[in-house]
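These notes are about the structure you will find just below.
The values are calculated or read from the model by the stated rules, or taken from the named source; none is laboratory data. Not measured: the values here are computed from a predicted model. Please note: Cβ atoms are built from the backbone with ideal geometry, for glycine as well, and neighbour counts cover all protein chains shown. Protein only, heavy atoms only, side chains kept; ligands, DNA and RNA dropped before computing areas. Shrake-Rupley method; radii C 1.70, N 1.55, O 1.52, S 1.80 Å.
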Amino acid sequence: MPLKIHVTFPHIPCKDLDLKLNSQYITRSDFDPRSGETRVGYRRPNAVELKKIGLPNNHRDGCTIRTTLRVPIVSGHVTVTLTKEAWGRALNHLMLRSQLSEGERARDTHRNDFNVTHYIHSIQFGKRFSKAAAHPLEDRKHVIENNMGGIALENVQVKLVPTIVRGWFTSAKTYSMSVVAHAVQPETMVEQGVAMLPGLAMSYDLTPLAVPVRGRERKYHCLPEFASEHRRRSFCNSRSPDWMSRPL
């Protein structure tokens with residue numbers, strides 16, 4: 001299935017960011033064998049992206065990564081994090097900051113050099129689910145403010161539900177999702193060593209059964225999730241009547 005990623009790190013240069021799919025590096029030279037086009041683009045944020053983040057047009061730092069990857073329909077994970085070299089420099093910076101007074105830290109001109117605050121413009125699995133009232137991985141700003149200069153890891157867990165949207169004469173397959181996120185602070189990352197790097201880490205998992213949705217429904221409320229022992233649970237991300245669902 002296609003996985004579209006559009007994310008901006010306003011303080012980190014592109015040379016200091018790594019994109020990985022299932023622990024494998026995705027570089028700018030990787031090509032999509034179907035289209036023959038580069039699958040990932042690194043560039044400085046444009047005016048529209050900076051406005052969304054709340055930064056002026058003359059902001060000269062940062063990096064936007066925009067790509068479409070084809071991923072197998074199984075569980076996986078994607079990360080956009082500092083490179084190991086940049087993390088090493090960040091650790092040195094943290095050691096220096098730990099020796100500064102509070103006033104000196106406030107005057108530190110390099111305090112945002114490793115700030116991994118980011119803005120998720122869109123992370124999309126498959127076709128966009130237009131019937132959804134909420135898209136939890138669109139236009140999502142994650143500001144990191146701590147005594148370590150904005151160094152942390154946002155860990156996002158995504159539960160995907162294959163969804164068949166049926167119209168009068170056609171049907172389309174998409175994916176509904178629920179999202180849970182938490183931040184891992186730098187103290188924990190230091191304890192874990194290079195196993196954890198600052199930035200954004202997203203893991204995704206798919207439920208084994210699909211959910212049929214009639215095209216005339218405008219919004220959805222609860223998506224059924226079937227446990228292995230066939231007990232039924234549900235999670236919600238917008239308002240509307242419940243659907244009757246069945247395995248396909």
Practice task
Taking only region 119-135 into account, find how many residues are at pLDDT below 80 and open to solvent by 50 Å² or more (accessible area, probe 1.4 Å).
Solution key: 4
Problem - region 6-47, residues that are in a strand (DSSP E or B), open to solvent by less than 60 Å² (accessible area, probe 1.4 Å), at pLDDT below 95 and among the β-branched types (V, I, T) - result: V40
Practice task
Inspect region 217-224 for any residue being surrounded by 12 or more Cβ atoms within 10 Å (Cβ to Cβ), modelled with pLDDT of 65 or more and among the aliphatic types (A, V, I, L, M) and give the result as yes or no.
Solution key: no
Exercise for the section: May I ask you to verify whether H110 is assigned to a loop (DSSP other than H, G, I, E, B) and touching a Phe, Trp or Tyr at 6+ places or on another chain (Cβ under 8 Å)? Expected result: no
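Looking at V116, V80, which is the one that is under 21 Å from P10 (Cα atoms), of a type in the set (A, V, I, L, M), open to solvent by less than 70 Å² (accessible area, probe 1.4 Å) and assigned to a loop (DSSP other than H, G, I, E, B)?
After applying the criteria, what remains is V116.
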Exercise for the section: All but one of (1) at pLDDT 90 or above; (2) under 21 Å from Y175 (Cβ atoms) hold for G62, so report the exception by its number. Expected result: (2)
Problem - Condition met for R111 (modelled with pLDDT under 85, more than 19 Å from L206 (Cβ to Cβ) and open to solvent by 60 Å² or more (accessible area, probe 1.4 Å)) - result: yes
Exercise for the section: Could you please tell me which pairs satisfy a Cβ distance under 7 Å, a separation of 6+ or placement on different chains, a first residue in region 168-192 that is more than 21 Å from Q157 (Cβ to Cβ) and touching a residue at least 24 places away in the same chain (Cβ under 8 Å), and a second residue that is open to solvent by less than 90 Å² (accessible area, probe 1.4 Å) and outside any helix (DSSP H, G or I)? Expected result: A172/V165; K173/G126; K173/P162; K173/I164
Practice task
With respect to L50, determine if the residue is of a type in the set (A, V, I, L, M, F, W, C) and either modelled with pLDDT of 90 or more or in contact with a Pro (Cβ under 8 Å, 6 or more places away or on another chain) (or both).
Solution key: yes
Handout entry: Filter pass, I151 being in contact (Cβ under 8 Å) with a residue 24 or more places away in the chain, in contact with a Phe, Trp or Tyr (Cβ under 7 Å, 6 or more places away or on another chain), within 27 Å of L94 (Cβ to Cβ) and assigned to a loop (DSSP other than H, G, I, E, B)
Key = yes
Handout entry: Selection from region 173-204 of residues that are closer than 18 Å to K127 by Cα, over 14 Å from the mean Cα position of the chain (by Cα) and open to solvent by 40 Å² or more (accessible area, probe 1.4 Å)
Key = K173
Handout entry: Test set (1) surrounded by 15 or more Cβ atoms within 10 Å (Cβ to Cβ); (2) among the polar types (S, T, N, Q); (3) not in a strand (DSSP E or B) - N146 fails condition number
Key = (1)
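Using the structure shown, decide if A86 is modelled with pLDDT of 90 or more, under 16 Å from I151 (Cβ atoms) and either among the basic types (K, R) or out of contact with any Leu (no Cβ under 7 Å at 6 or more places or on another chain) (or both).
For A86, the condition - modelled with pLDDT of 90 or more, under 16 Å from I151 (Cβ atoms) and either among the basic types (K, R) or out of contact with any Leu (no Cβ under 7 Å at 6 or more places or on another chain) (or both) - is met.
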